[in-house]
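Peer 1: Attaching a single structure in structure tokens format; questions to follow.
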Amino acid sequence: MEIKQQIQLIATCKFGLEAVVKRELEELGFTDLRVTNGSVEFDAVMSDIPTVNLWLRAAERVLLKVATFTAMNFDELYDQMRAIAWEKWIPADGYFPVNAKVHKSTIDSVRSTQSIAKKAIVDRLMEAHAADSLPETGAEYAVLVTILKEEVLLTLDSSGDGLHKRGYRLETGEAPLRETMAAALVLLSFWNPSRLLIDPFCGSGTILIEAAMIGRNMAPGLNRPFYASEEWPFVEGWREARAKAAEAVLDTPMQLFGYDIDPAVIPIAKRNAERAGVDEDITFNVKDVKELWIDQQYGIIISNMPYGERVSDYKALNKIYVSLHHTFRKKKGWSLFLLTADTMFRLYFKRQTPNRSRKLYNGNIRVYYYQYHGEREIVNG
Ligand SMILES: C[S@@+](CC[C@H](N)C(=O)[O-])C[C@H]1O[C@@H](n2cnc3c(N)ncnc32)[C@H](O)[C@@H]1O
């Protein structure tokens with residue numbers, strides 16, 4: 001297969017984060033980005049696969065587009081799928097689990113779609129590789145069949161495990177934030193490495209660790225041991241891309257502070273930061289937010305607030321909101337970026353009306369990212 005062959009890649013992401021992933025891809029040098037719900041498609045060459053997998057911070061996976069066609073029923077689906085030159089991608093020993101997503105289609109069974117798609121690929125590969133059986137003992141080529149109305153999209157998953165698995169977070173506290181979401185919160189904020197950043201509800205440290213990695217220009221995948229496409233013979237450049245990412249790391253002085261009321265999570269956060277290689281950049285300490293004392297004029301808070309389910313939780317939460325309000329009421333130079341699932345938050349945190357609020361999804365929970373913009377620091381010279 002020709003290495004310089006034009007391909008289309010699709011970076012998938014959580015709903016609401018498409019613009020962040022688009023900007024990340026632009027910064028990596030890609031143009032003509034096609035954004036749809038939960039994904040960004042773009043033109044690339046094979047050797048871009050390692051780069052985008054290693055560098056995208058807010059995307060969930062990178063999919064290689066194999067084909068699109070229309071199908072109204074299972075017969076058409078089988079025929080069209082069998083006509084595709086799968087042998088170009090999947091070798092005789094390749095392992096190819098098939099998953100499907102079906103939406104608003106006359107083809108309305110996920111399970112039947114999966115088994116018909118699998119059968120079509122098996123039939124095609126047995127014939128093309130002249131094989132009596134397919135052992136599926138080799139590298140993984142996970143096929144995803146996405147059907148929207150009568151449009152069928154076929155992709156191969158170049159990532160393997162989701163990109164949120166960076167390799168550093170082996171332990172968590174309660175309700176940890178996905179690494180991809182934590183990175184997105186930082187990328188959506190005004191933070192840059194010269195600005196003081198505090199996460200007063202830091203839990204296992206995810207937001208600060210992602211910020212430190214951004215500040216050091218450290219690829220989020222630098223510590224991750226494996227991606228599915230590292231074993232694909234037609235994808236070259238993994239070793240070079242990893243070496244380049246290792247060289248790109250900067251020594252950036254930063255002021256990052258993480259606090260949490262739970263003494264059990266602080267050592268976890270420290271160990272996660274150590275595994276990520278950013279432990280020297282972040283100071284973690286046990287602290288109740290009610291004791292948070294700020295004497296700097298300017299800074300940024302990015303945090304994933306605790307949330308509750310019981311009335312007693314709401315009472316405790318309310319106290320937390322009120323104390324946050326008291327701490328920051330007169331701190332005009334502070335910007336606050338707060339993620340919460342609690343729709344009452346805006347009422348109790350009376351700093352001002354948020355300058356912006358975004359609806360996002362943390363797992364399957366709908367959450368709000370409230371942004372309170374502080375005054376900008378005037379830097380002379
Ligand atoms: C949603 S979790 C944060 C998870 C974190 N973003 C992560 O990725 O691990 C909220 C955290 O707030 C902490 N917390 C609850 N009440 C607090 C308080 N009064 N002061 C400081 N931290 C508190 C909890 O211990 C919990 O770790």
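The values are calculated or read from the model by the stated rules, or taken from the named source; none is laboratory data. Because the structure is a prediction, the values reported are computed rather than measured. Cβ coordinates were reconstructed from backbone atoms using ideal geometry, including for glycine residues, and neighbour counts include every protein chain displayed.
Peer 1: Sort out which residues of segment 352-370 are surrounded by 18 or more Cβ atoms within 10 Å (Cβ to Cβ) and over 19 Å from the mean Cα position of the chain (by Cα), and write them in order of number.
Peer 2: Result: Pro354, Tyr370.
Peer 1: Does segment 185-193 contain at least one residue that is in contact with a strand residue (DSSP E or B) (Cβ under 8 Å, 6 or more places away or on another chain), in contact (Cβ under 8 Å) with a residue 40 or more places away in the chain and more than 16 Å from the ligand (Cβ to nearest atom)? Show your work before the answer.
Peer 2: Residues of segment 185-193 that are in contact with a strand residue (DSSP E or B) (Cβ under 8 Å, 6 or more places away or on another chain), as a first pass: 185-186, 188-191.
Right, trim to in contact (Cβ under 8 Å) with a residue 40 or more places away in the chain and you get 185-186, 188-191.
Narrowing further to those that are more than 16 Å from the ligand (Cβ to nearest atom): 190.
The answer is yes, given that some residue of segment 185-193 is in contact with a strand residue (DSSP E or B) (Cβ under 8 Å, 6 or more places away or on another chain), in contact (Cβ under 8 Å) with a residue 40 or more places away in the chain and more than 16 Å from the ligand (Cβ to nearest atom).
Peer 1: Given the criteria in a loop (DSSP other than H, G, I, E, B), of a type in the set (Asp, Glu) and more than 23 Å from Val152 (Cα to Cα), does Asp32 qualify?
Peer 2: Working: in a loop (DSSP other than H, G, I, E, B): yes; of a type in the set (Asp, Glu): yes; more than 23 Å from Val152 (Cα to Cα): no.
So Asp32 fails the test.
Peer 1: Restricting to segment 35-68, count the residues that are part of a loop (DSSP other than H, G, I, E, B), of a type in the set (D, E, K, R) and either assigned by TED's automatic domain parsing to the domain that holds Asn362 or surrounded by fewer than 22 Cβ atoms within 10 Å (Cβ to Cβ) (or both).
Peer 2: Keep residues of segment 35-68 that are part of a loop (DSSP other than H, G, I, E, B), which gives 37-38, 46-47, 56-60.
Applying the additional criterion that residues be of a type in the set (D, E, K, R) yields 57, 60.
Filter once more, so that each one left must be either assigned by TED's automatic domain parsing to the domain that holds Asn362 or surrounded by fewer than 22 Cβ atoms within 10 Å (Cβ to Cβ) (or both): 60.
So the count comes out to 1.
Peer 1: Next question. Test of understanding: among Ile121, Ile84, which residue is more than 24 Å from Pro225 (Cα to Cα), modelled with pLDDT of 95 or more and part of a loop (DSSP other than H, G, I, E, B)?
Peer 2: Values: Ile121 fails: part of a loop (DSSP other than H, G, I, E, B).
Checking each option against the conditions leaves just Ile84.
Peer 1: Only one of (1) surrounded by fewer than 22 Cβ atoms within 10 Å (Cβ to Cβ); (2) within 16 Å of the ligand (Cβ to nearest atom) is not met by Ala212, so which one is it?
Peer 2: (1)
Peer 1: Can you find a residue in segment 162-171 that is aliphatic (A, V, I, L, M) and surrounded by 18 or more Cβ atoms within 10 Å (Cβ to Cβ)? Show your work before the answer.
Peer 2: The initial filter retains those residues of segment 162-171 that are aliphatic (A, V, I, L, M), namely 163, 170.
Subsequent filtering for residues that are surrounded by 18 or more Cβ atoms within 10 Å (Cβ to Cβ) retains 163.
Yes, segment 162-171 contains a residue that is aliphatic (A, V, I, L, M) and surrounded by 18 or more Cβ atoms within 10 Å (Cβ to Cβ).
Peer 1: Could you grab me the full set of residues in segment 149-183 that are within 11 Å of the ligand (Cβ to nearest atom) and among the hydrophobic types (A, V, I, L, M, F, W, C)?
Peer 2: Those that are within 11 Å of the ligand (Cβ to nearest atom) and among the hydrophobic types (A, V, I, L, M, F, W, C): Ala175, Leu177, Met181, Ala182.
Peer 1: Identify, by number, the condition in (1) within 11 Å of the ligand (Cβ to nearest atom); (2) touching a residue at least 12 places away in the same chain (Cβ under 8 Å) that Arg356 doesn't meet.
Peer 2: (1)
Peer 1: Please go through segment 261-313 and pick out each residue that is surrounded by fewer than 17 Cβ atoms within 10 Å (Cβ to Cβ), in a helix (DSSP H, G or I) and either among the acidic types (Asp, Glu) or near the ligand (Cβ under 9 Å from one of its atoms) (or both).
Peer 2: Glu274, Glu280, Lys290, Glu291, Asp313
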